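The values are calculated or read from the model by the stated rules, or taken from the named source; none is laboratory data. Please read these numbers as outputs of a predicted model, since none were measured by experiment. Glycine also receives a Cβ, built like all others from the backbone with ideal geometry; neighbour counts cover every protein chain displayed. These area figures cover heavy atoms from the full protein model, side chains too; ligands, DNA and RNA do not enter into them. Shrake-Rupley method; radii C 1.70, N 1.55, O 1.52, S 1.80 Å.
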Amino acid sequence: MRSELKKANRIVIKIGTSSITYKNGKINFKKIEQLSKILTDLKNSGKEIVLVSSGAIGAGMSKLGLKSKPVELREKQAVAAVGQGLLMQFYEKFFNEYNQTIAQLLLTEDVMTDHIKRRNVENTFFTLLDMGVIPIANENDSVSTDEITGSKIGDNDTLSSMVAILVKADLLIMLSDIDGLYESAPAINPNAKLISYVGRVNEDIYKIAGGADSLIGTGGMYTKIRAAENLMKNGIRTVIASGENINIIYSILEGEEIGTFFGTAETGAEEYVRAIQ
Ligand code: GLU
């Protein structure tokens, strides 16, 4: 089943803040450079690539010297406004080294629900891909609020699944500080096994992920599974893997058994969950 990933042509890669920053909150340029190089290389090999990158708030915090994430909405939005430009500046610098043109797309929830906006943004994505550009999407954190417009997506796991659907991707690779889905929490049970394949998302899978209660702040396993389930319904595959080593993208695309793979109905397998040792 994994071998079908070799054929994935249009790929959305989602990278979490923790994968492009150090524990002290400062930007990890090595990671951003590796990511820029690998995505350009994949693009050169003939694949179409879209990046969904978090890190606006992280970069803003680092620039402003903030030790902890602001709590108030207006502060978060201001910090994201400081950080988004910086984040793109870093990507621009490193992608430019490999002569790869990038573009920024800042999205809100209404883009998916409003027919005309959705058509527009789809056209933008497809035109950029036709132009050989790597689009980089993030939520428009500085303007999207629950309170005012009801237009907040809230986390980039969900955003990346929206983008994968918009661009009709073959595959979404979510890179974060989690290796994939474990049978039980590895922090509590060190012998917990990583689940290699999920053919159907049901209550049990959500239970393994810790349920909605585990949704603290942004991201977490719950939002990843919800995103993968949504994509499964749309015939799009998802791999959840660790962003510790960016080279993992190559191994995933080689079909290696890495992280957790969420297949689709077309995958042809019985609906089951398989654990690896
Ligand atoms: N959009 C947020 C940022 O750029 C991140 C949201 C998330 O990581 O889920 O900081």
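Total residues in the stretch 28-57 satisfying the condition of being of a type outside the set (Lys, Arg), open to solvent by 20 Å² or more (accessible area, probe 1.4 Å) and touching a strand residue (DSSP E or B) at 6+ places or on another chain (Cβ under 8 Å): the figure is 1.
Quick check on the stretch 88-96. Is at least one of its residues at positive phi and either polar (S, T, N, Q) or in a helix (DSSP H, G or I) (or both)? Within the stretch 88-96, not a single residue is at positive phi and either polar (S, T, N, Q) or in a helix (DSSP H, G or I) (or both).
Of the residues that make up the stretch 97-104, is at least one open to solvent by 50 Å² or more (accessible area, probe 1.4 Å) and in a helix (DSSP H, G or I)? Yes: one or more hits.
The single condition from (1) hydroxyl-bearing (Ser, Thr, Tyr); (2) crowded, with 19+ Cβ neighbours inside 10 Å; (3) more than 25 Å from THR238 (Cα to Cα) that SER18 fails is (3). Of the residues VAL79, VAL71, the single one that is crowded, with 20+ Cβ neighbours inside 10 Å, of a type outside the set (Gly, Ala, Ser), without any contact (Cβ under 8 Å) to a residue 40 or more places away in the chain and over 20 Å from ILE246 (Cα atoms) is VAL79. Among the numbered conditions (1) crowded, with 17+ Cβ neighbours inside 10 Å; (2) in a helix (DSSP H, G or I); (3) polar (S, T, N, Q), the only one that THR124 does not meet is (1).
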